[in-house]
Amino acid sequence: MIDDTIEQLRRLVAERLDINRTLEEITADAPLLGDGLGLDSLAIVELISLTEECFDVEFGEDELNMDSFASLKALASVVVALRHREELAIA
């Protein structure tokens, strides 16, 4: 499940964020900030919004931290956990 989430996030970043990176340049472990993909604060805000929309999740204060956005792999882990938590709440 995490691999599918990472792939969806890669596509989101490549196709919907204005960062001038191809899908091939975006890896699961690449840092989202700094020397990695170089996302700035506006791009991170847009990524949060797109992620919430695409995965039907809502980030809480606990998830809005640097660790959650260290890489796409880290973000995918957060998304999977949020989806699991929301599924448990519905059941």
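Bear in mind that the values in this text are calculations on the coordinates, not laboratory data. Predicted model only: the values in this text are computed from it and were never measured. Glycine gets a Cβ as well: all are built from the backbone with ideal geometry, and neighbour counts include every protein chain shown.
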The set of residues whose placed amide H lies less than 5 Å from the amide H of Ser71, leaving out same-chain residues fewer than 5 positions away, is Leu32
Residue farthest toward the positive end of the dipole of the chain, with Cβ of Lys/Arg at +1 and Asp/Glu at -1: which of Met66, Leu23, Leu88?
Leu23
For the chain, give the magnitude of the charge dipole about the Cα centre (Cβ charges: +1 Lys/Arg, -1 Asp/Glu; no others), in debye to the nearest 20.
160
Helix-only [θ] at 222 nm, the chain, -39500 (n - 2.57) per DSSP H run of 4+, per residue, nearest 500, equals -18000 deg cm²/dmol
What's the center-to-center distance, using Cα atoms, between the stretch 57-91 and the stretch 1-18 in Å?
15
Label selected from [x] 11.9; [y] 7.4; [z] 5.5, the criterion being mean projected area of the Cα convex hull in nm² as computed here
[z]
Likely footprinting exposure, Phe59, Phe69, fewest C-beta neighbours within 10 Å first:
Phe59, Phe69
